[in-house]
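Trainee: Please find one structure pasted underneath; my questions will follow.
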Amino acid sequence: MPHSKNISEDSFDIVIVGAGFAGMYMLYKLRSMGLNTRVYERGDGVGGTWYWNRYPGARCDLESMEYSYSFDNDLQQEWNWKEKYGTQPELLKYANHVADRFDLRRDIEFKTRLNSAQYNDVTGRLDLTTNRGSRATAAHLVLATGNLSTPQPPKIDGVADFNGRSFHTGNWPHVNVDFRKRRVGIIGTGSSAVQAIPEIAKQAAHLTVFQRTANFSIPAHHGPLESAEREAKKARYDVIRASANETPFGIAKFGSPTQSAWDVNGAERQKIYEEAWAIGGQALLFTFTDILTDRDANETAAEFVRERIREVVKDPAIAELLCPKDHPIGTKRLCLDSFYYETYNRDNVTLIDVKKMPISRITPSAVVVGDKSYEIDDLVLATGFDAMTGAARDINIVGEMGIRLSDRWAAGPQTYLGIMVASFPNMYLITGPQSPGVKSQMILSIEYHVEIIAKMIDKIRREGLRTVRAKPEAQAAWVEHNNLVANKTLYPTAASWYMGANIPGKARVFMPYVGGVKEYRAICGKVMTDNWRGFAFSNN
Ligand code: N01
């Protein structure tokens, strides 16, 4: 099949939705197979998450030497990460570098949103329409739409009527936002807010934080990546990448813990937590085997963190408000910060508890809680995303026999391996629900899915087939397995976005696969060697 550069062509082998890290690698891979591939990207640049989330302080919470592509050794050898955890500008620069290096842009249609995708039972192709009024057909459709890409403004009366400047962290302006001399209000205290709050507080005349749920946050201990360390890691890159695949969450430095929290006495436990705290980041969750399965074990780690909060925050009442008590540590995404708790010692920062007394409304100039009005100039909404299913459900996707994806997933997503959905032939998800995706080093999981999808498409081409489908019984068994695995952990006990709990009316179902990257790869490997068990390849 000849490769096309013609933007007006409307018949593709494959259409990919999204030009973040998933879409870019999928494009690279399929193009290297000689396939006529088009990417639709709603932004006007590549980078996905790192294109949209430009709020002050935005950074990755995984170390960049790992959170980066591994598929091309020259790429990973030539790129020099400057800091331990990549900043948003550095990550966006990296995404642009990859796009340039592999000449990806010529197959990406920017400012283009896929409106609908309908499987055509007669042609066996997908009929597509976009927001630009264009139509296309494709033999295959890959949703590289991201798990945290549908920003969710809060459902609070008056939010649309606020008269000052209003920003959502997940859709931040592309210009520098100056908060000097401004009274700023921020709603939310998840990962985005925890990163933004210390930076905004440094600038603003006053920052008021509206907190509904306190979150656990661990110091990141950011810093420059010294060239000696960087080069040493580069020299062992193959070992680092390979060992990441053998870990629970695809992070080489965090292997499976080997002992229970109860195998050691209180003093030893404390010492182990202190060491993990000094490492920073997610280390605390990898201290003991039962941190995420045994409530009492979890509580020892949770209390350790609360003690650190009480040490840092000078006002005991504020410290207590900041101590999370309503969910086990790690069951909501652990936040990573730089001087988050210290920020509450500043005179220009106020913390307002909106749990007991929710925000009643937003007026053109204030956030109202009970009978108290907090006058602000700028409103920052750090209120999260319609996670994991929002982006796919925003597209009108219709499968075989008129089945709509949004109906199919009304009671929660169902997939086979997080890669395909029964009744939706030739449509693939990258890091979809019921795969380790969001519970892993994302780029590692992206690369694995891209490679599996490429193999499926290659098989169809080589064998002169037309379609691949996920078998409904394989999907049902996989969903059940996911639920069994999740229910052995504490994850489902938290009202998290993993559970869909942050979206009013969304089905409460635990969505990621938490059996671990190593286990997931073993399962997928077996599926493939077992003649693609659970998938049906056919001529119709
Ligand atoms: O969103 P969130 P996020 N009134 O959903 C609050 C990734 N990420 O953008 O918990 C008052 O976590 C809500 O309160 P509650 C990472 O995976 C990674 O911060 O629902 N408050 C919560 O505090 C992360 O987990 C990085 O009670 C309201 C907040 O808004 C994911 O993205 C950086 C409200 C939303 O928190 C999402 O993080 C940033 C209301 N009506 C993000 N509605 C890194 O890599 C919502 N809230 C470091």
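The values are calculated or read from the model by the stated rules, or taken from the named source; none is laboratory data. If you're wondering where the values come from, they're calculated on a predicted model, not measured in any experiment. Cβ atoms come from the backbone with ideal geometry, glycine included; neighbour counts cover every protein chain shown. Note: areas computed on protein heavy atoms with side chains; ligands, DNA, RNA excluded. Shrake-Rupley method; radii C 1.70, N 1.55, O 1.52, S 1.80 Å.
Trainee: Hey, Phe167 hits all of (1) part of a strand (DSSP E or B); (2) buried (at least 21 other Cβ atoms within 10 Å of the Cβ) but one; which does it fall short on?
Mentor: Status for Phe167: all satisfied but (2).
Trainee: While we're here: Of the residues Tyr119, Tyr67, Tyr85, Tyr94, which single one is of a type outside the set (Lys, Arg), more than 21 Å from Asn245 (Cα to Cα) and within 15 Å of the ligand (Cβ to nearest atom)?
Mentor: Residue meeting the stated conditions: Tyr94.
Trainee: Here's another thing I want to ask about it. Within segment 259-276, can one find any residue that is within 16 Å of the ligand (Cβ to nearest atom) and part of a loop (DSSP other than H, G, I, E, B)?
Mentor: Among the residues of segment 259-276, not one is within 16 Å of the ligand (Cβ to nearest atom) and part of a loop (DSSP other than H, G, I, E, B), which makes the answer no.
Trainee: Related question: Please identify the pairs in which a residue from segment 519-531 that is closer than 18 Å to Glu463 by Cβ has its Cβ atom under 9 Å from the Cβ atom of a residue that is open to solvent by less than 40 Å² (accessible area, probe 1.4 Å) and assigned to a loop (DSSP other than H, G, I, E, B), counting only partners at least 6 apart or on another chain.
Mentor: Within 9 Å, the pairs are Val527/Leu417; Val527/Gly534.
Trainee: For segment 387-428, what are the residues that are within 16 Å of the ligand (Cβ to nearest atom) and small (Gly, Ala, Ser)?
Mentor: Matches in segment 387-428: Ala387, Gly390, Ala391.
Trainee: Sort out which residues of segment 237-258 are of a type outside the set (Gly, Ala, Ser) and within 16 Å of the ligand (Cβ to nearest atom), and write them in order of number.
Mentor: Residues satisfying the conditions are Phe249, Ile251, Phe254.
Trainee: How many of the residues making up segment 474-497 are part of a loop (DSSP other than H, G, I, E, B), of a type in the set (A, V, I, L, M) and either open to solvent by less than 40 Å² (accessible area, probe 1.4 Å) or touching a strand residue (DSSP E or B) at 6+ places or on another chain (Cβ under 9 Å) (or both)?
Mentor: Result for segment 474-497: 2.
Trainee: Suppose the filter is within 30 Å of Val39 (Cβ to Cβ), over 23 Å from the mean Cα position of the chain (by Cα), away from the ligand (no atom under 16 Å from the Cβ) and not in a loop (DSSP other than H, G, I, E, B); does Lys234 pass it?
Mentor: yes
Trainee: Answer with yes or no whether Val39 is β-branched (Val, Ile, Thr) and either under 13 Å from Phe102 (Cβ atoms) or without any contact (Cβ under 8 Å) to a residue 40 or more places away in the chain (or both).
Mentor: yes
Trainee: Residue under question is Val194, and the condition is that it be more than 22 Å from Asp386 (Cα to Cα) and among the β-branched types (Val, Ile, Thr); does it hold?
Mentor: Considered against the rule, which asks whether it is more than 22 Å from Asp386 (Cα to Cα) and among the β-branched types (Val, Ile, Thr), Val194 comes out as no.
Trainee: Related question: Among the listed residues Thr300, Thr258, identify the single one that is of a type outside the set (A, V, I, L, M), buried (at least 19 other Cβ atoms within 10 Å of the Cβ), within 29 Å of the chain's Cα centre (by Cα) and more than 24 Å from His222 (Cα to Cα).
Mentor: Going through Thr300, Thr258 in turn, the sole match is Thr300.
One line per residue, one yes/no per condition, for (1) surrounded by 19 or more Cβ atoms within 10 Å (Cβ to Cβ); (2) in a strand (DSSP E or B); (3) free of Cβ contacts under 8 Å to residues at least 60 places away in the same chain:
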| site | (1), (2), (3) |
| --- | --- |
| Ile186 | yes, yes, no |
| Thr189 | yes, no, no |
| Ala193 | yes, no, no |
| Pro198 | yes, no, no |
| Ala201 | yes, no, no |
| Val209 | yes, yes, no |
| Ala214 | yes, no, no |
| Ile218 | yes, yes, no |
| His221 | no, no, no |
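Trainee: Can you report the number of residues in segment 56-82 which are open to solvent by 20 Å² or more (accessible area, probe 1.4 Å) and over 20 Å from His449 (Cα atoms)?
Mentor: Final tally of qualifying residues: 11.
Matching residues to (1) surrounded by fewer than 21 Cβ atoms within 10 Å (Cβ to Cβ); (2) outside any helix (DSSP H, G or I); (3) in the same structural domain as Met528 (by TED's automatic domain parsing); (4) not small (Gly, Ala, Ser):
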position: Ala410; (1), (2), (3), (4): yes, yes, yes, no
position: Pro413; (1), (2), (3), (4): no, yes, yes, yes
position: Gly418; (1), (2), (3), (4): no, yes, yes, no
position: Pro425; (1), (2), (3), (4): no, yes, yes, yes
position: Gln434; (1), (2), (3), (4): no, yes, yes, yes
position: Ile443; (1), (2), (3), (4): no, no, yes, yes
position: Tyr448; (1), (2), (3), (4): no, no, yes, yes
position: Glu451; (1), (2), (3), (4): yes, no, yes, yes
position: Lys455; (1), (2), (3), (4): yes, no, yes, yes
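Trainee: List pairs: first in segment 224-253 and closer than 19 Å to Tyr513 by Cα, second of a type in the set (Val, Ile, Thr) and not in a helix (DSSP H, G or I), Cβ under 8 Å, 6+ apart or cross-chain?
Mentor: What qualifies is Ala244/Ile251.
Trainee: Run Gly500 past the list (1) open to solvent by 20 Å² or more (accessible area, probe 1.4 Å); (2) within 16 Å of the ligand (Cβ to nearest atom); (3) at positive phi and report the number of the one that doesn't hold.
Mentor: Failing condition for Gly500: (1).
Trainee: Still on this model: Among the residues that make up segment 143-164, is at least one of them assigned to a loop (DSSP other than H, G, I, E, B), within 11 Å of the ligand (Cβ to nearest atom), over 27 Å from the mean Cα position of the chain (by Cα) and not assigned by TED's automatic domain parsing to the domain that holds Gly437?
Mentor: Checked against the condition, which is being assigned to a loop (DSSP other than H, G, I, E, B), within 11 Å of the ligand (Cβ to nearest atom), over 27 Å from the mean Cα position of the chain (by Cα) and not assigned by TED's automatic domain parsing to the domain that holds Gly437, segment 143-164 yields at least one hit.
Trainee: Shifting gears a bit: Contact list please: Cβ distance under 8 Å, first residue in segment 379-396 and without any contact (Cβ under 8 Å) to a residue 40 or more places away in the chain and not assigned by TED's automatic domain parsing to the domain that holds Ala160, second residue open to solvent by 10 Å² or more (accessible area, probe 1.4 Å) and within 12 Å of the ligand (Cβ to nearest atom), pairs at least six apart or on different chains.
Mentor: That search, which allows pairs on different chains as well, returns Arg393/Asp386.
Trainee: Would you mind stating whether Arg469 is open to solvent by 60 Å² or more (accessible area, probe 1.4 Å) and either assigned to a helix (DSSP H, G or I) or assigned by TED's automatic domain parsing to the domain that holds Met26 (or both)?
Mentor: Criteria not met by Arg469.
Trainee: Still on this model: Which residue pairs have Cβ atoms under 6 Å apart, sit 6 or more places apart or on different chains, and have a first residue in segment 335-364 that is in the same structural domain as Asp378 (by TED's automatic domain parsing) and a second that is open to solvent by 20 Å² or more (accessible area, probe 1.4 Å) and at pLDDT below 95?
Mentor: Leu336/Asp61; Ser338/His222; Met357/Gly370; Pro364/Asp161
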